[in-house]
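Undergrad: Would you mind keeping the following structure in view while I ask a few things?
The values are calculated or read from the model by the stated rules, or taken from the named source; none is laboratory data. Just so we're clear, the structure is a prediction, and the values are computed from it rather than from any experiment. We place every Cβ from the backbone using ideal geometry, glycine too, and count neighbours over all the protein chains shown. Keep in mind that these areas ignore ligands, DNA and RNA; they rest on the heavy atoms of the full protein, side chains included. Shrake-Rupley method; radii C 1.70, N 1.55, O 1.52, S 1.80 Å.
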Amino acid sequence: MTDVHQCPHCELRFVSRNELSDHMALEHPRAVDDDTAELDDQQQRGTQR
C-alpha cells in the first residue's frame, strides 16, 4: 500500500511529498514577511508592563 499525502489547505491528495510541496508552493504560498514595514509606537518603545 502506498502513502498518500493530503494537502492541509484543500482536499487534494498526492502520491509523493515532492508533488505536495510543489502544489503548496504554487497554490498556497505563504504570506511574505515584510520586515521593512514601520513598527507601531508601542513596538518601537518596547512593551512596558
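Undergrad: Is at least one residue of segment 15-26 among the polar types (S, T, N, Q) and modelled with pLDDT under 95?
TA: Checked segment 15-26: no residue is among the polar types (S, T, N, Q) and modelled with pLDDT under 95.
Undergrad: Next question. Checking D40 against (1) acidic (D, E); (2) open to solvent by less than 90 Å² (accessible area, probe 1.4 Å); (3) modelled with pLDDT of 95 or more: exactly one of these is not met. Which one?
TA: Unmet condition: (3).
Undergrad: List every residue pair whose Cβ atoms sit under 8 Å apart, with the two residues 6 or more apart in sequence or on different chains, where the first one lies in segment 14-28 and is within 12 Å of D3 (Cβ to Cβ) and open to solvent by less than 90 Å² (accessible area, probe 1.4 Å) and the second, anywhere, is assigned to a loop (DSSP other than H, G, I, E, B) and not acidic (D, E).
TA: So the pair list comes out as F14/V4; F14/C7; L20/C7.
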